[in-house]
1. Given the criterion assigned to a loop (DSSP other than H, G, I, E, B), away from chain B (no Cβ under 14 Å) and out of contact with any Ser or Thr (no Cβ under 8 Å at 6 or more places or on another chain), identify the matching residue among A:ASP185, A:ASP196, A:ASP205.
2. Tally the residues that are surrounded by fewer than 16 Cβ atoms within 10 Å (Cβ to Cβ) and of a type outside the set (Lys, Arg), restricting the search to region B:143-159.
3. With the requirement that a residue be in contact (Cβ under 8 Å) with a residue 60 or more places away in the chain and β-branched (Val, Ile, Thr), what does region B:119-157 give you?
4. Condition test on A:ARG191, is it over 32 Å from the mean Cα position of the chain (by Cα) and either away from every other protein chain (no Cβ under 14 Å) or at pLDDT 95 or above (or both)?
5. For region B:105-134, how many residues are within 22 Å of B:ASP15 (Cβ to Cβ), part of a helix (DSSP H, G or I) and either within 14 Å of chain A (Cβ to nearest Cβ) or modelled with pLDDT of 95 or more (or both)?
6. Within the set of pairs 6+ apart or on separate chains, which have a first residue in region A:323-334 that is over 17 Å from A:ASP237 (Cα atoms), a second that is part of a loop (DSSP other than H, G, I, E, B), and C-beta atoms under 6 Å apart?
7. Given the criterion over 23 Å from B:ALA48 (Cα atoms) and either among the aromatic types (Phe, Trp, Tyr) or in contact with a Ser or Thr (Cβ under 8 Å, 6 or more places away or on another chain) (or both), identify the matching residue among B:VAL173, B:VAL156, B:VAL160.
8. Inspect all residues belonging to region B:87-99 and state whether any of them is more than 10 Å from chain A (Cβ to nearest Cβ) and more than 25 Å from A:PHE162 (Cα to Cα).
Amino acid sequence: MEKRNHNNRHVELPNFCHLGVNLRIALTVEAALVAGVVARVADSRAFYDEFIALSALAQPALLLTLLALCAAGRWLRNLPYRAGEGLALALGVAVPVLVALWLAPLLGGQLPFSPFMVAAFALALGALLLGYFNLRARALSPAITEARLQALQARIRPHFLFNSLNAVLSLVRSDPRRAERALEDLAELFRALMGDARQLVPLADEIQLTRAYLELEQLRLGDRLGVVWHVDKMPADALIPPLVIQPLAENAVYHGIEPRRDAGEVSLNIYRSADRVHIVVKNPIATETSLHKGNRIALDNIRERLMLHFDLDATLKSEPMGAVYQVHIVIPYTRDHTQPASARPHRR
Amino acid sequence: MTTPSPLPRVLIVDDEAPARRRLREVLDDCAAERPVEIVGEADNGLDALQQVQQIHPDIVLLDIRMPSMDGIECAQHLQKLEHPPAIIFSTAYDAYACQAFELNAVDYLLKPVRAERLIRALSKAHPLGADALARLRQLHPKTRSHLSVSEKGRIVLIPVEDILYLKAELKYVTVRTAAREYLMEESLTRLEDELGALFTRIHRNCLVADSRIREVGKLPGDEDGHFLRLDGLDERLAVSRRQYSVLREKIKSK
C-alpha cells in the first residue's frame, strides 16, 4: 500500500542534497559520536584523543555517505517509499563500512572498531534518522506547512487598493482605455493574491505580476515613481513561491517613494548565478522613519515562506546601503522537473 | 432682496494627481446641489499651508498621508490662524484615524469619494475644535516635522531639525534655533513626549537636541555642577544633577 499522511498526500524521502537535511544528518551523527566517546572514556584528555582517533574514520565516512545519498537522491525518491527508504539505509550502512575497510590499513590497523561495529552504529543511526524524516514528512510537511503558507499568504495594503480604485475612477471619463488597462492589472493582481499560496510559479509570471502592480502605482504617483528593471539575464523558467517579488516592490514604493516629495527610483535586478537565483530590490531611503516596523513584518513573512519552501537553501538579507535600502533574496534554481521534495507538497 | 452669498471657496490637497482630478470631477457633479468654487490645489501639507494663507479658502479638502507634511500636522498648524478654514480630511484607508474622526465629530471622506457623501460633508463643514485636534494628535503618534507659532496673523514654521533647545518659562516655552527665539504656548512635558527620540531633558525646564550637543563640562568650583554647550550657540545651559547621569548614559551609548 502507498504511504500517505493524514492529508492524503505522498510521503517522500527528504532531498538529501539540501543543506537543511545534510545539517540534520551531520549534527545527529556528530552528537552520537560525542555521546559514544563520552560513554567510553573517563577524563577530558582521553576524550580528545579518542574523539580525534574516531574522527579520522567517522568524518570521511559521514561526508562520503552524504555525497552518495545526494547523488542517488533523485533515483531513491522515485522508488516506492519503502524501497527507497531501505536502499537509503543500505547506502548509509555500506558507505561507512567500505570506508572503514579502506582506511583500516592506512591507519596502521589501529582502528578500535571492527567493521561489524561500524555497521551496527550506522544502521542504528540510519534507522533513527529515517524514522525522524518520515515523521517530519508525515506530520509536519504537508498539513502544517500548507496551513502556515495559507496563513502567510501575502496581503496587499488596503491603502493601495482604495487609492488605485480612486485613480482608476479619475480616468474613466478622460481616458477610458487607460482605465480599462488599469482594471485589468488590478484583476490580475487580485487573482494572484487569492491564488494558491503553496504552488510554486514560474519566475516570468511573478515578474509579469510585479509589472502590473508597478503600472498601477505609476498611475497614482506619476513621475514620482521611476522603475528600472534588470531582468535580461533572469532564468524565466525558474520556480519561485508566488508573491515574493511583488511585496518587495510594494514595500519599496510604500517606504521609499510615497513619503518623498521628489521623484525616486525602484530597481529590480534578477539573475542566475550557478544554481542560485538572485533577486535584488532597491529603493531610496526616504526618511529615517521609513525603516519602521511595517517593513519588518512583510520581510519576515517572505522569509518564513522561503523557509517553508526551501528550508535553509534560501536566504533573505535586507540592509540600508548609504542612501539606498536593499533586499537581496537567494533561492535555489529549480525548474519543473527538478522540483525539490520540500517544495513538492504544493503539487497536486 | 439679498445678494446671493458667495460660493464656498475650496482648496484641494492630495499628493496624487489622479486623486485631485477625481475630487474636481465629483465636486463638479455636486454643483447643482452644492456649488463651490475651487480656488487651488496643493500636493503636500507645506504647500497647503502657504496657499491657505495666500488665498484664504473656506474649506480645505485635506488628504492625510502625504510627503513633506501630512494632513494631520498641516491641520494642527492651520489651527494657529485667526480664522482657520473648515477642514474635511480625506483618506483611502486609515482605520484608526476614521474612528477618531467619528468620535470627535471631525469631517472626513473615504476615497474613492461619492458625490452624496461629499455633499453631506460640504454642508456641515466647520473648523476643527481645539480639543478634537488635541485628541487627534494623541492618536497620531507621528512626531511633527515642524513646530509652529503665530506671528502677526501668519503661521511661522520652525523645522524640528533646526531647534537647538526648548526651555519652559512661566506660561511659555522658548524655542531656540541658531537664528532666533520663538515663544510658544505648549507644555514642555507634552513636547518631550512627542520629541523624546530627538531631544534630551537636561534640566527641569530644558530639552536639548541630541544631535547638537557640542560639549558637556564641569562648572569650576562646584562639585556636582555641570553645563552643556550646543553647536552654534555660546550660551552655557545648566545641567541638573539628576539629569547629568541620564545625559552621560545617552552620550555613551552613541
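1. Details: A:ASP185 fails: assigned to a loop (DSSP other than H, G, I, E, B); A:ASP205 fails: assigned to a loop (DSSP other than H, G, I, E, B).
Only one candidate qualifies: A:ASP196.
2. Restricting attention to region B:143-159, the residues satisfying the condition of being surrounded by fewer than 16 Cβ atoms within 10 Å (Cβ to Cβ) are B:143, B:150-154, B:156, B:159.
From the residues that got through so far, the ones that are of a type outside the set (Lys, Arg) too are B:143, B:150-151, B:153, B:156, B:159.
Result for region B:143-159: 6.
3. Here is the first cut: in region B:119-157, the ones in contact (Cβ under 8 Å) with a residue 60 or more places away in the chain are B:119, B:122-123, B:125, B:136-137, B:140, B:142, B:144-146, B:148-150, B:153-155, B:157.
Result: B:ILE119, B:VAL149, B:ILE155.
4. Values: over 32 Å from the mean Cα position of the chain (by Cα): no; either away from every other protein chain (no Cβ under 14 Å) or at pLDDT 95 or above (or both): yes.
The answer is no for A:ARG191.
5. So the count comes out to 2.
6. Listed by first residue and then by second, the contacts come to A:ALA323/A:ILE285; A:TYR325/A:ILE285.
7. Just a single option satisfies the conditions, and that option is B:VAL173.
8. From region B:87-99, those more than 10 Å from chain A (Cβ to nearest Cβ) are B:87-89, B:96-99; that's our starting set.
From what is left, the residues that are more than 25 Å from A:PHE162 (Cα to Cα) are none.
Among the residues of region B:87-99, not one is more than 10 Å from chain A (Cβ to nearest Cβ) and more than 25 Å from A:PHE162 (Cα to Cα), which makes the answer no.
The values are calculated or read from the model by the stated rules, or taken from the named source; none is laboratory data. Remember, it's a predicted structure, so these values are computed and weren't measured experimentally. We place every Cβ from the backbone using ideal geometry, glycine too, and count neighbours over all the protein chains shown.
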